[in-house]
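Chemist: Here you go, one structure.
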């Protein structure tokens, strides 16, 4: 049992030390992401239903200090169920802090333009300002590339828009 615990601790230590050079001040990061994979959920006041969706997003930014990145991004969500189609476009800004060199915590704020088309109905559009958070882990597959699985959540207090799920990114550092 002690050997297993030591092996796990050694593995975590090795993984946490592989990414330290990539997250230093003045390093640039580009991070395309896929989200949800039919695991996320969106709930809006308009529909009252949950739906599963697929999201695509690209973020880019710079490490303004060791372990601290400022990013901007653009993306979209494409969702559907039996009753309607729901699509949106996002523009966001975020801050990501890396702890233990590979575990990261992020907060973001953004604007979403969403449109909903009920089956046999008329399309409607809504705009949301939201705050969000993410918790993820950077798995370095090479010196300047990492896979970034993360849990995310975003919420608009004024429009009762909630979205949460799983996303995976592929970060490139240069």
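The values are calculated or read from the model by the stated rules, or taken from the named source; none is laboratory data. These figures come from a predicted structure and were not determined experimentally. Neighbour counts run over all protein chains shown; Cβ positions are idealised from the backbone, glycine included.
Chemist: Out of the range 154-166, which residues are surrounded by fewer than 20 Cβ atoms within 10 Å (Cβ to Cβ) and within 17 Å of residue 34 (Cβ to Cβ)?
Modeler: 164, 166, listed by residue number.
Chemist: Out of (1) surrounded by 15 or more Cβ atoms within 10 Å (Cβ to Cβ); (2) under 18 Å from residue 168 (Cβ atoms); (3) modelled with pLDDT under 75, the odd one out for residue 80 is which?
Modeler: (2)
Chemist: Same structure again: Say whether the condition of being in contact (Cβ under 8 Å) with a residue 40 or more places away in the chain, touching a strand residue (DSSP E or B) at 6+ places or on another chain (Cβ under 9 Å) and surrounded by fewer than 19 Cβ atoms within 10 Å (Cβ to Cβ) is met by at least one residue in the range 84-102.
Modeler: no
Chemist: Under the condition of being in contact (Cβ under 8 Å) with a residue 24 or more places away in the chain and not in a strand (DSSP E or B), which residue from the range 117-135 is farthest from residue 152 (Cα to Cα)?
Modeler: Within the range 117-135, the match that is farthest from residue 152 (Cα to Cα) is 121.
Chemist: Now a separate question. What residue, among those in the range 103-128 that are surrounded by fewer than 19 Cβ atoms within 10 Å (Cβ to Cβ) and under 15 Å from the mean Cα position of the chain (by Cα), is farthest from residue 148 (Cα to Cα)?
Modeler: Top of the filtered list is 111.
Chemist: If you don't mind, another one. Any chance the range 32-46 includes a residue that's at pLDDT 90 or above and closer than 30 Å to residue 144 by Cα?
Modeler: Within the range 32-46, the subset at pLDDT 90 or above is 32-33.
Those still in the list that are closer than 30 Å to residue 144 by Cα too: 32-33.
Within the range 32-46, one or more residues are at pLDDT 90 or above and closer than 30 Å to residue 144 by Cα.
Chemist: Right, something else. Of all residues in the range 103-116, which are free of Cβ contacts under 8 Å to residues at least 24 places away in the same chain and farther than 24 Å from residue 60 by Cα?
Modeler: None; the set is empty.
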